[in-house]
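Before any comments, here is the structure.
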Amino acid sequence: MTEVNSAPDQRYFGSSEALVFSIDCGTTQSACAFAHLFPGSTPQVRVVTKWPGQEEAAGDSKIPTLVAYKRGKPIGYGADAIEQEAAQDGELAKWFKLHLHPDSMKVVDEPPEYGSDVPPTFEVPSLPTGVTLKKVYKHFLKYLWDHAQSFFINNTVDGERIWNRLGDKAHIVLATPNGWDTTQQGFLRQAMIDAGIITKEDEERLSFVTEGEASVHYALHYSQSRSWMNEGSMFAVTDAGGSTVDSTLYRCKALVPKLVLEEVCASECVQAGGVFVDRGGQRMLNEKLSGSKFADAAYMNDIMEEFERKTKRKFDGTQTSIIRFGKDWDNDRPHGIVKGRLTLTKEDVTTAFNAVTPRIVSSVSNLLDGRKVEHLLLVGGLGESPYLRKALKDTFGSKGVNVVTVDESTKKAAAEGAALWYIRQLVVARAVRSTFGIILWRPYDPASFHRERRHRAKMDHDGSMKMVDLWETWLKKDHVVGEETSLSFNYFSIYKKLPSDLGTFSQDVFAYDGEEDLVWGRDDKGSLAPGVRTVCTLRADLTGLRPSLRSQRGPKGEEFYRVDFVISVMLGGTSLKARLNWNEGDERREGPVTVIPNSIL
Ligand SMILES: Nc1ncnc2c1ncn2[C@@H]1O[C@H](COP(=O)(O)OP(=O)(O)OP(=O)(O)O)[C@@H](O)[C@H]1O
Ligand SMILES: [Mg+2]
């Protein structure tokens, strides 16, 4: 029997081309990804990298999760929302995702740093007057969807035609926090319907994946080594985002045919994301520049912008940082400002990170405490911070936990990972639908389970006792069909005389839909066992064999004929096929190929 190839095959084996879009609507930032699935090719997931209002930041994969309202009507989205809010005296819907968190998630187990302005409970800004949360989601999702669509059309070869063909059937995956359940998903589904992205009739176009699981798929796709993912092992995923840092503990239950992850316990969520580093930075700068004319709001805004975009992102705990914010003539040496540049010591920037790092470390410790966890996968925007990476490595490395990071930017992990997750489900769907096999006779073995049916044992034509109705598995249910492979099984049939009808040999093939291992293909009355059904019959024209077959003699001198044959089961493409092979003298003969109907999902 040949070895079956079970390595995951990333090609898309659907019968028709399709589009999949994924949306990660984060507290502070959102992102979209998509893939064009074409039968037989390996899909590439791409991220939407141009958003209106942030043209100067082309290549930016994320857009601020913001909607500006004026008298209950949306007037601006994303980066543009901030400007519209100011210009039109509107109101901003910000961090609105936090309104949807179930109460069970709003836990802060650590008191805030002394002197910090982080409130002891979750900070959830209120919504603009007269605007419901459903409305905000409806508007924002519609905005994301419209721009993901135009990005696809404008940045894909033949994009418009592909969109016209497949756009209204596109599958959409939403990444949602691990602590959310069907209530929150139902809310989002309704918002998607209200936004006109899907209709009530085609709800099955929408699926959900947790942000944690999506991140795992992203990391598996991009990390150099996969040694952190083993069957049976436990690992943690920490998603350090803009507002919250969510940590989830997983056990890997299976890798093939499909990655099966089990959440070991409820996730830990702490409000200690990137914006709280900014706030820590703001506080540190206010103190540092106190008494300087550069503490003025106009300068401070520019300084903070540089801090957020550069200083915070580059800081690794060892370097002196320089913030360029002014002109050559902007000097204030006592406050560290020379020629429009402000110098910050490593202690200064560390102070800013102190607003979050200890809280993240303690949240992760809560999760890992007393458990044998070997790996911690770090993702999210703040997860890209060299300082945070180092802090986690220092703390947990000594406890035997390996902190896994991905070279690729991980703020897009949830969006891109959600599309990867969906494609992976499709690949897995190319698995064998049922267990397939045949029912046969084998020499009776009184020392084995055959005993329980000894009354059914039969004397074969060669004089030996045979156990009948035995099940033999060819391929087990859920086996992933990889590259073209074939399996072969050797059998023989015994004939008393050369029957005149040797010409039409046939063999039934059966499917079994149950989960347990099957021993008997029939019950002891000879009817098919529960869950077993006939799926097809393989045939062979053996007429050519007659002249070459030689008779044999059994132990008591009985004359019989033995016909040896091989059944080849061919896997690949989207179906299972089988055929009979036998030898006529030295010549190999083949029966017709029979397709086993509905054999692959
Ligand atoms: N290299 C970096 N180093 C440190 N912080 C970074 C870096 N890149 C981005 N950030 C910060 O990450 C935050 C955004 O992260 P992300 O996009 O993962 O959040 P989100 O998904 O909106 O939030 P949440 O997961 O809380 O819903 C911002 O505060 C941003 O300043
Ligand atoms: Mg996020």
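The values are calculated or read from the model by the stated rules, or taken from the named source; none is laboratory data. Bear in mind that the values here come from a model prediction, so they are computed numbers and not experimental data. Using ideal geometry, Cβ is built from the backbone for each residue, glycine included, and neighbour counts are taken over all protein chains shown.
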Inset, instruction - Return the only residue of THR238, THR311, THR320, THR248 being within 16 Å of ligand 2 (Cβ to nearest atom), farther than 20 Å from GLU123 by Cβ, modelled with pLDDT of 95 or more and among the β-branched types (Val, Ile, Thr). - result: THR238
Inset, instruction - Could you tell me whether ALA418 is in contact with a strand residue (DSSP E or B) (Cβ under 6 Å, 6 or more places away or on another chain), surrounded by 21 or more Cβ atoms within 10 Å (Cβ to Cβ) and closer than 30 Å to PRO39 by Cβ? - result: yes
Legend entry - Residue satisfying condition, being outside any loop (DSSP other than H, G, I, E, B), closer than 27 Å to GLU287 by Cβ, in contact (Cβ under 8 Å) with a residue 24 or more places away in the chain and outside the structural domain of ALA219 (by TED's automatic domain parsing), within set ASP394, ASP302, ASP316, ASP330: ASP302
Legend entry - Elements of type strands (runs of 3 or more DSSP E) contained in segment 526-601, each with 3 or more residues being under 15 Å from PHE489 (Cβ atoms): 559-571, 576-584
Inset, instruction - Scan segment 190-236 residue by residue and report those that are over 20 Å from the mean Cα position of the chain (by Cα) and assigned to a helix (DSSP H, G or I). - result: GLN190, ALA191, MET192, ILE193, ASP194, LYS200, GLU201, ASP202, GLU203
Inset, instruction - Quick one: count up the residues across segment 374-396 that are surrounded by 22 or more Cβ atoms within 10 Å (Cβ to Cβ) and away from ligand 1 (no atom under 15 Å from the Cβ). - result: 1
Legend entry - Selected residue (criterion: modelled with the highest pLDDT) from residues of segment 264-307 that are away from ligand 2 (no atom under 16 Å from the Cβ) and among the β-branched types (Val, Ile, Thr): ILE303
Inset, instruction - Specify the residue that is farthest from ligand 2 (Cβ to nearest atom); the eligible residues are those in segment 411-456 that are modelled with pLDDT under 90, part of a loop (DSSP other than H, G, I, E, B) and in contact with a Ser or Thr (Cβ under 9 Å, 6 or more places away or on another chain). - result: SER434
Legend entry - Condition met for ASP316 (surrounded by 17 or more Cβ atoms within 10 Å (Cβ to Cβ) and closer than 26 Å to LYS411 by Cβ): no
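Here is a yes/no grid of residues against (1) aliphatic (A, V, I, L, M); (2) more than 28 Å from the chain's Cα centre (by Cα); (3) modelled with pLDDT under 95; (4) within 23 Å of VAL136 (Cα to Cα):
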{"position": "ALA7", "(1), (2), (3), (4)": "yes, no, yes, no"}
{"position": "GLY14", "(1), (2), (3), (4)": "no, no, yes, no"}
{"position": "GLY40", "(1), (2), (3), (4)": "no, no, yes, no"}
{"position": "LYS70", "(1), (2), (3), (4)": "no, yes, no, yes"}
{"position": "LYS73", "(1), (2), (3), (4)": "no, yes, no, yes"}
Inset, instruction - Hey, could you check segment 271-309 for residues that are of a type in the set (S, T, N, Q) and closer than 28 Å to GLY26 by Cα and say which is farthest from the chain's Cα centre (by Cα)? - result: ASN301
